[in-house]
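Written below as C-alpha cells is the structure these notes are about.
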Ligand code: ADP
Ligand code: MG
C-alpha cells in the first residue's frame, strides 16, 4: 500500500491504495483540477464564473452539472434547508474571519437573494437568476470528488483503497489482509482530532461526518458555526454537534450529513434512511441517536 497527502478543498486529504505512487500522484492532480473547477475563490472556476456573471447563462462542466443536480434535489428533499444558493448569507457570516456577530440588517439583506427558483439547468449552462445570487458547494463537492477519485483508482487497477477528504471517507476492497477498513468517528470538541467515540467497519462505501466543532467562533457565550440555516439566516440550532452518514455514494452522504445538522436528528435520520443511508447524530446534551440497522461500535 502507498499513501499520498495533499492540501485541497480547504482541508488535508489522504489516499492510501494498493497502487504505484505515480497513480497516487495522478489522483492529486485530479484533486487539483477539481479544485480549479469548483472553488469559490479561484478565478475562472465554474463556481467563480457563476458567482461573478451578474445573472444570465453560464457554461458549466458535466461534473459541475452533476453536483448541481444533486444539490437541487436536496433542496427539495429538505424543504429548502440544504441550499447551495446560500452564498450571500455565507459571505455575511464569513466564519473563517469573523469574531463578532453580523447585524440583523446585513442578514436580512442577504436573505433577499437565496431564492432557488430562478436557478435553472439548461443544456450545458446554468441560468443565474440575478446579479446578487451566488452558490457555495462546500456542503456537497468534497463527496463528489472523493467518489470520482475512487472511480479513477479502480480504473487504474487498484483493488483496495481508503480516501479521507477532511471527514469524507471513501473506501473499497477492504484492507489488503482481507479484513474490513475500520473508520473512527471523531469526538466533537475533543482536544485531539484522534479521539474517537465510535468505530465502524466497512469494506466498500462511504462514511461522511459534518460537525459544528471545526469551523466556528464564540460570541455572547454562544458558538456560531459554518452551517447556516437559510430559513432563519443564523447558524443552525438543531441541537446536533456532529452527524455521520454511511452508505454507497459520498456526494449523497455529504449532502445528507450537512442536511442532518439543519433538520435535527429525527427528521434527519428519517431522510437518510429513506434514501438508503444510515445516520448517527450526537446532540449537545450528549445523546447519541442512530439508525438501528447501522452496526457500529460505540466506545464511550
Ligand atoms: P465540511 O465541509 O466542513 O466538512 P459540510 O459538508 O457539512 O462540512 O459542509 C459545510 C459547508 O456547507 C459550509 O462551509 C458551507 O460552504 C456549506 N453550507 C453551509 N450552510 C449550508 C446550507 N444550509 N445548505 C447547503 N450548504 C451549506
Ligand atoms: Mg456535507
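So here's what we get for this one:
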| read-out | value |
| --- | --- |
| Output for segment 229-238, where each listed residue is closer than 27 Å to residue 276 by Cβ and in contact with a helix residue (DSSP H, G or I) (Cβ under 8 Å, 6 or more places away or on another chain) | 229, 230, 236, 238 |
| Tally of residues being within 12 Å of residue 15 (Cβ to Cβ) and within 15 Å of ligand 2 (Cβ to nearest atom) across segment 145-167 | 4 |
| Unique residue being outside any helix (DSSP H, G or I), over 20 Å from residue 49 (Cα atoms), in contact (Cβ under 8 Å) with a residue 12 or more places away in the chain and more than 19 Å from the chain's Cα centre (by Cα) when the list is 126, 162, 101 | 101 |
| Condition check for residue 246: at pLDDT 95 or above and more than 10 Å from ligand 1 (Cβ to nearest atom) | yes |
| Test: residue in segment 190-205 that is over 18 Å from residue 3 (Cα atoms), within 16 Å of ligand 1 (Cβ to nearest atom) and modelled with pLDDT of 95 or more | no |
| Residue match in segment 199-208 (condition: part of a loop (DSSP other than H, G, I, E, B) and more than 18 Å from the chain's Cα centre (by Cα)) | yes |
| Members of segment 263-286 that are in contact with a helix residue (DSSP H, G or I) (Cβ under 8 Å, 6 or more places away or on another chain) and either in contact (Cβ under 8 Å) with a residue 60 or more places away in the chain or more than 15 Å from ligand 2 (Cβ to nearest atom) (or both) | 263, 269, 271, 275, 278, 283 |
| Which listed residue, of 90, 107, is out of contact with any strand residue (DSSP E or B) (no Cβ under 7 Å at 6 or more places or on another chain) and outside any loop (DSSP other than H, G, I, E, B) | 107 |
| Count - residues of segment 110-133 that are in contact with a strand residue (DSSP E or B) (Cβ under 9 Å, 6 or more places away or on another chain), over 28 Å from residue 206 (Cβ atoms) and buried (at least 19 other Cβ atoms within 10 Å of the Cβ) | 1 |
| Set 185, 153: member being out of contact with any helix residue (DSSP H, G or I) (no Cβ under 8 Å at 6 or more places or on another chain) and not assigned by TED's automatic domain parsing to the domain that holds residue 89 | 185 |
| Subset of segment 139-157 that is surrounded by 22 or more Cβ atoms within 10 Å (Cβ to Cβ) and part of a loop (DSSP other than H, G, I, E, B) - its residue that is farthest from ligand 1 (Cβ to nearest atom) | 140 |
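The values are calculated or read from the model by the stated rules, or taken from the named source; none is laboratory data. Note that the structure is a prediction, hence the values are computed from the model and not measured. In this analysis, Cβ positions are derived from the backbone assuming ideal geometry, glycine residues included, and neighbour counts consider all displayed protein chains.
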